[in-house]
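Have a look at the structure below before the remarks.
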Amino acid sequence: GTKRWTVQEMLLIIMAQSLRCYTCKEPTDISLCKRVTLCPLKATACTTTLLSVDSGYPFFGNITVIKSCSENCIASNGIGANRPTLCCYSDLCNDNSSNGSPGLRTSFAALGITAVVLIMFFKPTL
């Protein structure tokens, strides 16, 4: 006949297929956003949305983010009305590395510089 699954077996199957992401629903300092969430089965990506950067040179700014699970993540470079959003597609991939996220800090800093250069380049001449 048909196999009857135990609750433990069903949980293992669900957990094996669900993506895990770091999440923080409220704007949170990037170093403090460490809640691990088992995403819904439909979620295919983990997202990190940049909300604010206290910038300066050299770049040691605090980064405020929202992290979440996403069914259809759309990456954004932050130009226009969108905030910069990063998408990634593996378990706990929206980590910010164990030492204060130099990679993410660098990529957001580079995004900011790129935005300034693009604005200067495309600024209409009067």
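The values are calculated or read from the model by the stated rules, or taken from the named source; none is laboratory data. Note that the structure is a prediction, hence the values are computed from the model and not measured.
What tally of residues in the range 64-105 results from selecting those that are modelled with pLDDT of 80 or more and closer than 23 Å to CYS39 by Cα?
The number of residues fulfilling the criteria is 26.
Among GLU26, GLU9, which is over 29 Å from ALA81 (Cα atoms), acidic (Asp, Glu) and at pLDDT below 95?
GLU9 is the lone residue from the list that is over 29 Å from ALA81 (Cα atoms), acidic (Asp, Glu) and at pLDDT below 95.
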